[in-house]
Amino acid sequence: RAQWLWIDQVAEICSTTCSELDGLLEHLSQLDEQRLEVVRKTTALHEQCEQMVQDQEHLSKSAESLAERLDFYDRVADVARMLDQGQAAASDADFGSVLDQLDGSIMFLESHPDFCQAQAYLHQFEHLRNRACLAAQTAVQRSLEKSMAQVEQQLREKAGAGAPDDTRVFYTRFKAAALNHRPLMALLHRRMELHESYGSTLEKLEEFYVDVRLRLIRAPVTGHLQSVLKGDLQGAELEAATRQASSYILDLSKFERECFEAYFELRQPQEALRLLLDTVASIFYKALRPIVIACDSIDSLREMADCLQMDVLGPHQQSATGELVPVMAKVYQLHKDVQERLIFCVENYIREEIKGFQVTDAALDYPASLYDAEPGRDGEAEPASSSASLQKGWFPTMRKTLVILDKIYRVLELTTFQGLAQEAVDLCIASLKAAALQLERRAPPQVDAPGGQALAVLARDVDAQLFLVRHLFALRERVQAFECDLVVSEKYFNFSNVWEALHLKLPDGLLGILKPTMRQSQVDSKRDIEAELQAACEALIALLAAHMTQPLAALNGQIGPFISRDGVDWAQLKAQPFMSAANLRTIVGAFRSNVSERVPFAAAHVRLYLAAGGGAGSAATAAAGDGGTASILFKPVEKKLLEKLLDTWGRLESILHECGISPEELEFLPQSTLQKLVTGSFEKVMLE
């Protein structure tokens, strides 16, 4: 029983314990539910906090964005205040900040045209930008005017003191002021692509700068050039003045470009700089052009053209590609004007002095005028190789032709020189031929000595031909020295079809009657000289041969008609009176006498004409050994003359053999002996 009581007590304890455990479990379940509720609420709270933080950040960003956008609107007052106070143009940094604000605001409003009052504020900002550009423009213009006033004051002081002109005074003040304005100009240059107002402002400043510079330097530069070019300048004086004026204007142009670069950035194209340099060059051009137009001296114009080409255009060809293009253009234009004036004067010279040359008795005093030009005469007074000595004895038209061609060679363009040279040479040849014809028509002097009148006639005829040969030799050799072809193409209309139409030879189509054909011809002066020289030499050979073989020619004139008859026998020819031994001996003697007398006579004339400055070499060369210039030049003529003599002599010898007449009985010379006689006579006279 006690055990049952203990068991009941234990069971009661266990039951109570179980009840308490159940309560505890229930409390634990409630506690877990509460924990879960707390976790759920905490999570919800965290989520709500995060959303609020995000909302706060979004609102902050929106507020900042609104503040930034509103700042664009608020800049109007700030920029306007700075412009009103004049602080924008005073400092480059402030001006750059103002422009940054203006450009930023304008770009923002242009990209958001739907914002409230965007258009109104956009117009205000554009107005402020224009004000800013105008303020900068005004500041720079005042500075330029101030610099100009200072330079003008210095010029007046120097003029009052009588000090010489100094080019540096034009640039010192401006370059010093440029240090303050160059950053502003660079700022405008960088912003040219942002808006046209910056480019317009910069262009206006450049135009104003150019206007200031031109107002400052125009009068002093013009006065300086006039002082350099004053007076009646001729020859070397005009060349020196042109060189001095060219050097001055080139230096001035370089200084102007450097001063412009001190203010402004270079760009392409830059009309203001081009206008500045072009105007400076125009001052130079206008100062020299009246001198060119008024100048009638070929020497002065030639020297001036050569100076412009060699001293200005040539050395500055590289710089003309960039820096001084406007200046070089004006110099080139002046050079062309000088060439045109030179061409005009040369054409007048050719027309008046060569084509219009009036032949005088003194000009045709040949061969007397050659004695002073002969080598070896007056050698102590003047070197024989000098140009003046070589021109002695030349006909005036040829001397004038070669002198004028020497002057304009390499000064004018090659095509222009060819045209003038061709015209001058053709007129020179025509004048030489006309002079030779007048020499040939002169009355020979009266000579009482036996055979003297025949020699006088021969001398006159030989003088005329050798005059032409001598001058054509010299003209050919000196024209060949010009490294160009004197060929001119001429085009003309041929109306021969109209003449054919009048003879009822109608071409195809009705309008073909009125349609001329274009023809082209070429005139080669060098070839014409060769042809005239060859014709003159042949005429000289024919003349000398005719005079020397006159007895043989008279005999042939009798033999020819006799043997031309039908059925004539050579035996009958021998019986004719003109074939008698006495007559033949007289004719052969007369021929030998002609050869002995007239070959040295002709050789002496040849030596006189061709050795007196008429050949390729100098007179000293002609007087030296080796046969001299005359012998060398006349060798082909001597050869052809000898061929004619031997041919005539050989025909007579053949006739004598046919007739059975012995040449030895008539003292007939063999051809080899005749050749040695003629050649020896020529060489003896030439080497004396």
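Things to note:
- Listed by first and then second residue, the pairs linking a residue in region 450-474 that is open to solvent by less than 10 Å² (accessible area, probe 1.4 Å) to a residue that is modelled with pLDDT of 85 or more and in a loop (DSSP other than H, G, I, E, B), with Cβ atoms under 6 Å apart and 6 or more places separating them unless they lie on different chains, are His471/Phe395.
- In region 188-208, the residues that are on the phi < 0 side of the Ramachandran plot reach residues that are hydrophobic (A, V, I, L, M, F, W, C) and assigned to a loop (DSSP other than H, G, I, E, B) with C-beta atoms within less than 8 angstrom, at least six apart or across chains, in these pairs: His189/Phe264; Tyr198/Met192; Gly199/Met192; Leu202/Met192; Leu202/Phe264; Leu205/Phe264; Glu206/Phe264.
- When the test is whether a residue is modelled with pLDDT of 65 or more and more than 16 Å from Phe473 (Cα to Cα), Ala623 does not pass it.
- Criterion: at pLDDT 85 or above, under 28 Å from Ala531 (Cα atoms) and either touching a strand residue (DSSP E or B) at 6+ places or on another chain (Cβ under 9 Å) or crowded, with 16+ Cβ neighbours inside 10 Å (or both) - qualifying residue of Lys392, Lys400: Lys400
- Meets criteria (part of a helix (DSSP H, G or I), open to solvent by 50 Å² or more (accessible area, probe 1.4 Å) and touching a residue at least 12 places away in the same chain (Cβ under 8 Å)) for Arg173: yes
- Pick from region 331-344, criterion open to solvent by less than 10 Å² (accessible area, probe 1.4 Å) and farther than 17 Å from Asp278 by Cα, ranking: nearest to the chain's Cα centre (by Cα): Val338
- Count of region 139-170 residues which are closer than 16 Å to Lys204 by Cα, without any contact (Cβ under 8 Å) to a residue 40 or more places away in the chain and touching a helix residue (DSSP H, G or I) at 6+ places or on another chain (Cβ under 6 Å): 1
- No other residue among Phe125, Phe108 is open to solvent by less than 20 Å² (accessible area, probe 1.4 Å), aromatic (Phe, Trp, Tyr) and on the phi < 0 side of the Ramachandran plot apart from Phe125.
- Against the test of being more than 19 Å from Glu423 (Cβ to Cβ), open to solvent by 60 Å² or more (accessible area, probe 1.4 Å) and modelled with pLDDT of 75 or more, the options Glu500, Glu538 yield a single qualifying residue, Glu538.
The values are calculated or read from the model by the stated rules, or taken from the named source; none is laboratory data. Keep in mind that what you see is a predicted model, and the values were worked out from it rather than measured. Glycine gets a Cβ as well: all are built from the backbone with ideal geometry, and neighbour counts include every protein chain shown. Ligands, DNA and RNA are excluded from the accessible area calculation, which covers all protein heavy atoms including side chains. Shrake-Rupley method; radii C 1.70, N 1.55, O 1.52, S 1.80 Å.
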